[in-house]
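In what follows, a single structure is set out as structure tokens and then discussed.
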Amino acid sequence: MGNANTVDSLQPDAPLSIANTKFALDLYKHETSPTNTQNIFMSPLSISVALAMTYLGARGETKLQMTKVLHFTGISEAQLHQASGEILSTVNKPQQMYTLHMANRLFGDKSYTFLEEFLTASRKHYHAQLAPVDFRSLLPVNNYCIVTVLI
């Protein structure tokens, strides 16, 4: 007799994993087009997490476009961010035999007031504190990227 449990019931992050896989394949297909002759190195998971954090604050047409490109259709917003947080926690467990640091960070223009709901959710699901910056001077963002890469 077969098991009545489905993959979705056993792994609540399965819909997000499927969406992330589709996005990764789309991204890889785009980056390895016949016109690209360069080697590529990327982390689709890191890119997916960064875009999911951005998706958290997206509204209107932007959110609709992101839903399509990231394959988030059929995933509730609550399920998406909960599963993303669970994936990050699983990947970054201290007892793993590997060390993985995901260098995703939220930057927001210091002249803009962000909704507390967005700030709270980004901390809860992604452990991401928004760093206010002056986008007219990208030095703080560039310094963060340089320091993160060197670590």
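We did not get these values from a lab; they are worked out from the coordinates using the rules stated. Predicted model, so just to flag it, every value in this text is computed and none were measured. We place every Cβ from the backbone using ideal geometry, glycine too, and count neighbours over all the protein chains shown.
Work out the FRET efficiency for Lys93 and Leu64 from their Cβ-Cβ distance, taking R0 = 25 Å, and round it to the nearest 0.05. Intermediate results must be reported in sequence, preceding the final value.
Values: r = 35 Å, r/R0 = 1.39.
For R0 = 25 Å, the calculated efficiency reads 0.10.
Straight-distance candidates among the lysines for linking to Lys93, with alpha-carbon spacing under 27 Å and chain neighbours fewer than 8 residues away dropped: Lys22, Lys124.
Of the chymotrypsin sites (Phe, Trp or Tyr not before Pro) in region 105-136, the ones in a loop by DSSP (not H, G, I, E or B) with at most 15 other beta carbons within 10 Å are Tyr112, Phe114, Phe135. Amide hydrogen proximity for Phe107: with H placed 1.01 Å from N in the peptide plane, the residues at 5 or more positions away or on another chain lying under 5 Å are Ala131. From zero outward in steps of 5 Å, how is the percent of C-alpha pairs of region 7-150 spread across the bins? Each 5 Å bin holds this share of Cα pairs: 2, 8, 16, 19, 21, 18, 12, 5, 1, 0.
Taking label positions 7 Å along the Cα-Cβ direction at both Gln79 and Ser17, the computed distance is 1.5 nm, reported to one decimal.
Projected label points at Asn39 and Leu115, each 7 Å from Cα along the beta carbon direction, are separated by 4.4 nanometres. Exposure proxy ranking for Met97, Met42, Met53, Met102, based on other Cβ atoms within 10 angstrom of each Cβ and starting from the fewest, stands as Met97, Met42, Met102, Met53.
Run through region 10-79 and list the trypsin sites (Lys or Arg not before Pro) located in a DSSP loop whose Cβ has at most 13 other Cβ atoms within 10 Å.
Values: sites: Lys22, Lys29, Arg59, Lys63, Lys68; in loops: Arg59.
Here the trypsin sites (Lys or Arg not before Pro) that fit, given the DSSP loop and packing criteria, are Arg59.
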